[in-house]
Amino acid sequence: MYERLRSVFARIGVEYEIIFVNDCSPDDADKILASLAAEDKQVVVIRHSRNFGSQNAFTSGMKLATGDACVLLDGDLQDPPELIEEFHKRWQEGFEVVYGIRVKREATRFLQVAYKAFYRVFRAASYLPMPLDAGDFSLLDRRVVDALNSLPENNRFLRGLRAWVGFKQTGVPYVRPERMFGVTTNSLLRNLGWARRAIFSFSYVPIDIMTGLAVATVLISLFLAVLHIVVRLLEPQLVPAGLTTVIVLILFLGGVQMLCFSIIGSYLLHIYDEVKRRPPYIVDYVLNSPKTSQARVRDPLD
């Protein structure tokens, strides 16, 4: 990744810094990154005290970045660094956000369908226009980086926040290959949690669903009550008897209530996480920091 990035920046002809954020990777990344930082002062290494997730890793890097523009790129090389050249061209044309659009993803059929479905559900549910199939891989102008850094929330979904801050945006299509090296620590449950965070951060549709369920339940109950009275007056023998009807109705209403409670609980969980005001990540140390005041960060509250 380091060699490919250097080649890209050499072709573009720009001054650069490469910021690696080691979010407590379980491999030998510490040793390799320390060696790169010792050889090249343009390499900045940030190490977190534990794994805080990719969104906080990107945030950590953006906080330290000093350039006129900043590129967000995963370290597994599924997003090709060579696409940065096209990003740079679009940035020079005046676009302040240039993101990659995954027109094709080399993965299992299940994952291809799942990701496609998520982006379309997310776009339909969001109160913002969200680009389809656009991941974190993007180039952000300094004004956009500063705007994102100024946002106080800890539950970050950067591609949603990127759309929220606005500015002039465009996409660049590309094919995303399978992971070439290592084994991902991601899982289906993590992806579902990530999708839930995205929807509850940028959508009020779950609340609308609760309202719809409540209205539908009331209307159905009123209709059944009127029907019950009419049938009892006209054909008393047709009125259902016994506990079965009562049990079914109780289970139905209980299920609706539990669904509504889970939706409310998800929003409350987001609020609870925010009001605790814990830092979104803790930096263990920084190598070759471009800001001398943060050259060695040890205070967990910094």
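The values are calculated or read from the model by the stated rules, or taken from the named source; none is laboratory data. On a predicted model such as this, the values are computed, not experimentally measured, just so you know. Glycine also receives a Cβ, built like all others from the backbone with ideal geometry; neighbour counts cover every protein chain displayed. Just the protein is used for accessible areas: all its heavy atoms, side chains included, with ligands, DNA and RNA removed. Shrake-Rupley method; radii C 1.70, N 1.55, O 1.52, S 1.80 Å.
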Around His270, with a cut-off of 14 angstrom between Cβ atoms, what is the net charge of the other residues, counting Lys and Arg +1 and Asp and Glu -1?
-> +3
Can you give the accessible area per residue of region 1-139, in Å², using a 1.4 Å probe?
-> 48
In degrees between 0 and 90, to the nearest 10, how far off the longest principal axis of the chain does helix 109-125 point, with axes built from Cα atoms?
-> 70
Net charge of neighbours whose Cβ lies under 12 Å from the Cβ of Gln92, counting Lys and Arg as +1 and Asp and Glu as -1 | -4
Ile101 long-range amide H proximity, modeled H, under 5 Å | Val172, Tyr174
At 7 Å along the Cα-to-beta-carbon direction for both Asp76 and Phe261, put a label point, then send me their distance in nm to one decimal.
-> 3.7
List, largest first, the extents of the alpha carbons of the chain along their principal axes, each in whole Å.
-> 91, 41, 35
Restricting the count to DSSP beta bridges whose residues both fall in the chain, what percent are antiparallel, rounded to a multiple of 5?
-> 50
At R0 = 51 Å, FRET efficiency that the Cβ-Cβ distance of Asp284 and Val231 yields, to 0.05 = 0.10
Could you please report the charge total around Asn288, scoring K, R as +1 and D, E as -1 over all other residues with beta-carbon less than 10 angstrom from its beta-carbon?
-> -1
With the cut-off at 16 Å, report for region 57-184 the share of all Cα pairs above it, as a whole percent.
-> 64
Between Lys89 and Tyr204, what is the label-to-label distance in nm when each label sits 7 Å out along the Cα-to-Cβ direction?
-> 4.2
What helix-only [θ] at 222 nm does the chain give? Using -39500 (n - 2.57) per DSSP H run of at least 4, over all residues, to the nearest 500, the answer is -16500 deg cm²/dmol
Between Phe252 and Asp28, how many nm apart are label points set 7 Å from Cα along the C-beta direction?
-> 6.4
On the protein heavy atoms, probe 1.4 angstrom, tell me the percent of accessible surface of the chain carried by carbon and sulfur.
-> 63
What number, in percent, do you get for the relative contact order of region 23-172 if the mean sequence gap of Cα pairs under 8 Å and at least 6 apart is divided by its residue count?
-> 30
Computed over the chain, the relative contact order (Cα-Cα under 8 Å, seq sep at least six) in percent reads 24
Charge dipole magnitude, Cβ of K and R +1, D and E -1 - the chain, Cα centre, debye nearest 20 = 520
Applying 1/(1 + (r/R0)^6) with R0 = 51 Å to the Cβ-Cβ distance of Arg4 and Leu213, what FRET efficiency is obtained, to the nearest 0.05?
-> 0.50
